[in-house]
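**Q** Have a look at the structure that comes next, please.
Read-outs: derived from the displayed coordinates by stated rules, not from any lab. This structure is a prediction, so every number in the text was calculated from the model and none was measured. Cβ coordinates were reconstructed from backbone atoms using ideal geometry, including for glycine residues, and neighbour counts include every protein chain displayed.
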Amino acid sequence: MNAGPINPVSWPKLPEMVRGAAQPGGEGFQAAMKDALGTVNQLGQESARVTERFLNGEGEEIHSVIMADQKASVSFDLFLQVRNKVVQAYQEVMRMQV
């Protein structure tokens, strides 16, 4: 049974942020982490603003408050897990014997 030739896999284009991580010096990784931390911070601040507007009776709906809080919570949890994996990888590299 002949299925024909095997076609090569087409890889998706990587974002600039990821491609920059391969540069010497690691500026791309640092920028990626800094951008991620900035996004987490923005979502946390937005959650606080929406909650404050709701508590002050400024016409904010309860579902938008809950959604903003969940976005901030999930983004923080994701960032924390990525940080933990990076620290774990660093510790593993430091345990290697050369």
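**Q** Can you tell me, using C-alpha contacts under 8 Å and at least 6 residues apart, the relative contact order of the stretch 28-95 as a whole percent? The partial results should precede the final answer.
**A** Working: 30 pairs, mean separation 22.3, N = 68.
The normalised contact order for the stretch 28-95 reaches 33 percent.
**Q** At a 10 Å Cβ-Cβ cut-off, how would you order Val65, Val50, fewest neighbours first?
**A** Val65, Val50
**Q** Let me ask you something else. Looking at the square roots a ≥ b ≥ c of the eigenvalues of the Cα gyration tensor of the stretch 28-95, which shape do they give, rounded for a/c under 1.5, prolate if a/b is larger than b/c, or oblate?
**A** prolate
**Q** Quick one: Thr51, Thr39, fewest Cβ neighbours within 10 Å first, how do they rank? Don't skip to the end; give the middle numbers.
**A** Details: Thr51 17, Thr39 12.
Starting with the residue having the fewest Cβ neighbours, the order is Thr39, Thr51.
**Q** Follow-up question, since we're still on this one. Tell me, Arg95, Arg83 in order of fewest to most beta-carbon neighbours within 10 Å?
**A** Arg95, Arg83
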